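As structure tokens, the structure follows; a few thoughts come after it.
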Amino acid sequence: MDEWIEIFRFIGKQVLDQIRGIVGTSKAKRRLGKGEFGDNTVFIDKLAEDIVIDALCNTKRSCSILTEEKGWVRLGDRFPLIIVDPIDGSLNAKRGIPYYALSIGLAEGDSVNDLVCGYVVNLANGDEFWALRGKGAFFNGRRIKNTASEANVVAVEGIKRESSGDEILKIARSFYRVRQNGSTALDMCYTATGGFDAFLHLDDARVIDYAAGKVILEEAGGGLFEWLEDKPFGCGISTQKTRRFIGVGNRDVLKVVIERLG
């Protein structure tokens, strides 16, 4: 399994190098249609996705891919299944805001509980995060040891016009600082390192956004949990949106979040 991390790191460097001059330009924003998950496909998304798929094809390894624009791509066997968000935080990338990532998860079955490997690279500054089930989580090559026990600064995703005003107000009043940064994968990874104390996904989530981060959080000592429940988050892997969840780098923080929001 270690070799997959090296493959993903190689792919990350390729994507980082090739999109650098496009971020924030009108070319990056050019619409090309709609992707498999229902969002608009723009040039920078498609470019990053093509780099990932081409690189995986060149490895000559038997696998399949689930990615944002093309959906399911078969390169032989169904498993391992490589789950890719080529640009998580594409709105940031299109507008030149330096907070967007390549996210790659690897599953050995049809459930998110079968995820065994995760890799995320911050395409704005090169920060790398990876994890292998049972072997720990790493940030720029150093093992992550999350010792958080309090919830002061939290990241959120999914605040929209239709969001409950009462719920948003309760969240704002429950923590010292609340940040909506625009990249689920990066928010989860920086939660793993302790940069954020917790991550709240307030609307239905897509597996491409959280697949890699789930493994990284788990190996840091936390994980993903059902909304306001001390119950691990689980669902099948598909192109359908699932449910909201809470991510923590240390399970002690989960209790604090549930107490404040429950």
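Of A137, A55, A211, the residue with the greatest mean-square motion in the GNM of the chain, using alpha carbon springs below 10 Å, is A55. Looking only at D230, D252, D39, which one moves most when the chain is put into a Gaussian network model with springs between Cα atoms under 10 Å? Of D230, D252, D39, the most mobile in the Gaussian network model is D39.
Normalised by 2.2 N^0.38 Å, where N is the number of residues, the alpha-carbon radius of gyration of segment 71-180 equals 1.31. The Kirkwood radius of segment 86-138, taken over pairs of alpha-carbon atoms, gives through the Stokes-Einstein law at 10 °C and 1.306 mPa s a diffusion coefficient of 132 µm² s⁻¹. Nonpolar atom fraction for the chain, defined as the carbon and sulfur part of the 1.4 Å probe accessible area, stands at 45 percent. Of the trypsin sites (Lys or Arg not before Pro) found in segment 12-107, those in coil by DSSP whose Cβ has at most 11 other Cβ atoms within 10 Å are R20, K60. Between R143 and D17, the modelled label-to-label distance comes to 3.2 nm, taking each label 7 Å out from Cα in the direction of the beta carbon. Using Stokes-Einstein with the Kirkwood hydrodynamic radius over Cα pairs, what translational diffusion coefficient do you get for segment 46-132 at 20 °C and a viscosity of 1.002 mPa s, in µm²/s rounded to a whole number? For these conditions, the coefficient is 159 µm²/s. Rounded to the nearest 500, what is the 222 nm mean residue ellipticity of the chain from helices alone, with -39500 (n - 2.57) per DSSP H run of 4+ residues and division by all residues? Mean residue ellipticity at 222 nm (helix-derived): -10500 deg cm²/dmol. Relative to the longest principal axis of the Cα atoms of the chain, helix 43-58 runs at roughly 70 degrees. Counted over all Cα-Cα pairs of segment 11-60, pairs farther apart than 19 Å make up 31 percent. Which one, L254, G38, A131, projects farthest toward the positive side of the charge dipole computed for the chain from Cβ point charges (K/R +1, D/E -1)? So the residue furthest toward the plus end is G38.
Here is the P(r) of segment 126-262: all C-alpha pair distances, binned every 5 Å from 0, give 2, 11, 22, 25, 21, 12, 5, 1, 0 in whole percents. Its alpha carbons give segment 1-104 an Rg and a Dmax of 13.5, 39 Å. Seen against the Cα atoms of the chain and their longest principal axis, helix 207-220 is set at about 60 degrees. For the chain, modelled as a GNM whose springs connect Cα atoms under 10 angstrom apart, the maximal fluctuation among I237, I82, I51 occurs at I51.
Evaluating 6.51 cos²θ - 1.76 cosθ + 1.60 at θ = phi - 60° for every residue in segment 111-120, the Karplus couplings come out as 10, 5, 6, 8, 5, 10, 8, x, 9, 9 Hz, glycine and proline recorded as x. For K94, the lysines whose Cα comes closer than 19 Å to its Cα, not counting residues fewer than 8 places off in the same chain, are K27, K29, K34, K46. Relative to the longest principal axis of the C-alpha atoms of the chain, give the angle of the C-alpha long axis of helix 2-19, reported between 0 and 90° and rounded to the nearest 10°. So the inclination is approximately 80 degrees.
Residue by residue, segment 33-38 carries 3J(HN,Hα) couplings of x, 10, x, 5, 8, x Hz when phi is fed to the Karplus relation 6.51 cos²θ - 1.76 cosθ + 1.60 (θ = phi - 60°); x denotes Gly or Pro. Distance distribution P(r), segment 148-202, all Cα-Cα pairs, bin width 10 angstrom from 0: 25, 55, 19, 1 percent.
Under 23 Å Cα to Cα from K255, which lysines show up? Leave out anything in the same chain fewer than 8 places away. In chain and number order, the partners are K145, K170, K214, K231.
For segment 97-105, the Karplus equation 6.51 cos²θ - 1.76 cosθ + 1.60, evaluated at θ = phi - 60°, returns couplings of 8, x, 7, 7, 8, 9, 10, 9, x Hz by residue, with Gly and Pro reported as x. Computed on the chain, the Cα convex hull volume stands at 112 Å³ per residue.
The values are calculated or read from the model by the stated rules, or taken from the named source; none is laboratory data. Source: prediction; values computed, not measured. Ideal geometry is used to build each Cβ from the backbone, glycine not excepted, and the neighbour counts take in all protein chains shown. All accessible areas refer to the heavy atoms of the entire protein, side chains included, with ligands and DNA or RNA removed. Shrake-Rupley method; radii C 1.70, N 1.55, O 1.52, S 1.80 Å.
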